[in-house]
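Input: a single structure, listed below in structure tokens.
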Amino acid sequence: MKNQRVLVAGGSRGIGKAIAKSLALDGHRVVVIARTQTQLHDLRTQLDRESVNLEIVAMDLIDRPGILAFFESQSEPFDSMIVTAGIARHRELPDILDQDLDDTIEMNMVVPILCTRAFSRLAIQHQRKGSIVLFSSQLAHVGATARSVYCASKAAIEGFTRGAVADLSRHHIRINTICPTFTETEMTREALSDQIFRQSVEANIPLGRLGQPEDCVGICRLLISDQAEMITGASIKVDGGWTAL
């Protein structure tokens, strides 16, 4: 597992940041793509005292020509790719705005698909096996108030992943999803600041607590390792038991 070249798309904050830091400290060559330059520099600063191989790339992942050009510029493929980028726009169904719909589908569905296409093209060109981890959500499997579009975007990634297995397995490229529960990150801070909502979420998690970014690190490390060579098309729930009941 050591010294993989790993791309983390959306790795400047939250779950992606925790994964990028862990993999860099493990000795992997990590490339992080994210939109916000200041957050990327914060990540680099936090690892400055460590001997890590970390490259940061400031790019908006919805920039389709930019992402295509990035992958085409790579002289060697990535061994693994982890796509954690996502957005959440929460409104009840009658109040959904067209812009909310477009932005959510673009970031949560289109971006992972385009990144997977680009990653696999590069891997196949270099005849390199690979592992892809797409971040889905427990809300791909259950519904929630004011989250119908978010649920739809994540469920689409589950379906895409199953289809991708049929296309990529013969090239020895594996693809899996991780489905976290409500996790304390910058993206969920506003929603979870509502104590009534927070308590209702906690009440639905049998293990009795919210997720933390670090909860997804271990399973992600497993999925990109050779120990997971027979795992593809899996949807792994890191949800404290929410969807089991």
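Nothing in this text is a laboratory measurement; each read-out follows from the coordinates by a stated rule. The shown structure was predicted, so the numbers you read here are calculated from the model rather than taken from an experiment. Neighbour counts run over all protein chains shown; Cβ positions are idealised from the backbone, glycine included.
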>> Compute the orientation-averaged projected area for the chain from the convex hull of its Cα atoms and round it to one decimal in nm².
In response: 13.3
> Can you name the helices of the chain, as whole DSSP H runs, whose Cα span along the helix axis is 27 Å or more and whose Kyte-Doolittle mean is not below 0.5?
Replying inline: 148-168
> Using r as the Cβ-Cβ distance of LEU207 and SER235, and R0 as 22 Å, what FRET efficiency do you calculate, to the nearest 0.05?
Replying inline: 0.70
> Computed FRET efficiency, Cβ-Cβ of ALA191 and ILE124, R0 35 Å: what is it to the nearest 0.05?
Replying inline: 0.30
> Can you list the residues of region 176-204 with backbone N under 18 Å from a point 7 Å past the Cα of ASP26, pointing along Cα to Cβ?
Replying inline: 176-180
> ASN3 to ALA166: extension gain in nm, 0.36 nm per residue of separation minus the Cα-Cα distance?
Replying inline: 55.9 nm
> Tell me, in nm to one decimal, what length is gained between VAL57 and ARG91 on full extension, where the rule is 0.36 nm per residue of separation less the Cα-Cα distance?
Replying inline: 9.0 nm
> Which shape class applies to region 127-225: rounded if a/c is under 1.5, otherwise prolate when a/b exceeds b/c and oblate if not, where a ≥ b ≥ c are the square roots of the Cα gyration tensor eigenvalues?
Replying inline: prolate
>> How high is the relative contact order of the chain? Use alpha-carbon pairs under 8 Å, at least six apart in sequence, and give a whole percent.
In response: 20
